[in-house]
Amino acid sequence: MTDENSEKLRRIVLKVSGEGFCPEDERGISMNSVNHLAQQIADVVKQGIQVAVVMGGGNILRGAQFKAANSSIQESTAHYMGMLATVINGLALQDAIESLGQPTRLMSALPMETVAEPYIRRRASRHLEKGRVVIIAGGTGSPFVTTDTAAAQRALELDADILLKATKVDGIYSADPIKDPNAILYKTLTYNEMRQQNLRVMDSEAIAKCAEHNMPIMVFNFRKENNLMKAACGEHVGTLVSR
Ligand code: UDP
């Protein structure tokens, strides 16, 4: 599976956006999409790789939707609603992975003890060592950021080898590849290039955190068969962002 120069990773943090939970241009949860993701994750864990999944929630709700001045929902309230959406996704992914016989733990940064363990770094690390998939929901637990920032934060504190960001396109492009047929796919980028070119694949706080601590980020297409396995086994799929 791995190419000559690749090396199997020990621990990965996988950021899955809400778009991974439903077909293109739809919202909500489609169990076909969730099951597909669950199978890929379970296959990676079988290789002895520790996997923590940071859940997005955009298939249900994003806080920024409620920015409009005439919205009766305060923006901060909407961000908490977005964080709750990640718990809903986490519950779906948990059952899908466990139906494949792979143990998991759902942890949440928002206290929610009847459905998820509180996120405690040392406990998360222990679950990973025991071969459980740790599904991390509730974002950072604070409003006004996205789950990309949560993913960067968790990748750093859990001492992951890499932050894998699963997207519906093949990596980072010079322009939106869906709108611009001349967009160029980058194989590698530095954190600075990403910031200078204002490539909006992740939020700036997430990039800043990774840059400061030299956490590599791989942005790849999770819908392509075996891509997650390849990335987890150290193969270069998509765009690698590093120093
Ligand atoms: N969110 C938040 N704090 C966090 C993480 C997420 O307030 O630490 C809210 C924010 O409103 C965000 C929503 O939860 O829009 C859903 O997360 P996100 O947009 O990152 O989901 P994705 O785009 O990855 O599906």
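The values are calculated or read from the model by the stated rules, or taken from the named source; none is laboratory data. Please read all numbers here as calculations on a predicted model, not as lab measurements. All Cβ positions, even for glycine, are placed from backbone atoms using ideal geometry, and neighbour counts span all protein chains on display. What goes into the accessible areas is simple: the full protein's heavy atoms, side chains included, and nothing from ligands, DNA or RNA. Shrake-Rupley method; radii C 1.70, N 1.55, O 1.52, S 1.80 Å.
A few comments on the model shown:
- Helix screen, the chain: DSSP H segments with Cα axial length of 30 Å or more and mean Kyte-Doolittle hydropathy at least 0.0 are 75-98.
- Region 1-93 - percent of accessible surface contributed by carbon and sulfur, probe 1.4 Å: 49
- Applying the Kirkwood pairwise sum to the alpha-carbon positions of region 1-94 produces a hydrodynamic radius of 14.9 angstrom.
- Loop-located GluC sites (Glu not before Pro) in region 1-86, at most 12 other Cβ atoms within 10 Å (DSSP): GLU4, GLU7, GLU24, GLU26
- Counting all C-alpha pairs of the chain, share separated by more than 33 Å (%): 12
- Restriction of the trypsin sites (Lys or Arg not before Pro) in region 21-65 to DSSP coil positions whose beta-carbon has at most 16 other beta-carbons within 10 angstrom yields ARG27.
- Per residue, the average separation of C-alpha pairs within less than 8 Å and at least 6 apart gives region 125-240 a relative contact order of 30 percent.
- Kirkwood radius and radius of gyration were both taken over the C-alpha atoms of region 139-241, and their ratio Rg/Rh is 0.95.
- Among the listed pairs LYS8/LYS187; LYS15/LYS187; LYS67/LYS187; LYS130/LYS168, those whose Cα-Cα separation exceeds 25 Å are LYS67/LYS187; LYS130/LYS168.
- Summing charges over all other residues whose Cβ lies under 13 Å from the Cβ of GLN102, with Lys and Arg as +1 and Asp and Glu as -1, gives +1.
- Semi-axes of the equivalent ellipsoid for region 74-135, Cα gyration tensor, largest first, Å: 23, 14, 8
- Surrounding net charge for SER76, when Lys and Arg each add one and Asp and Glu each subtract one, Cβ distance under 14 Å: +1
- Net charge, GLU24 excluded, C-beta distance under 13 Å - Lys, Arg +1, Asp, Glu -1: 0
- Per residue, region 43-189 exposes an accessible area of 46 Å² to a 1.4 Å probe, with every protein chain left in place.
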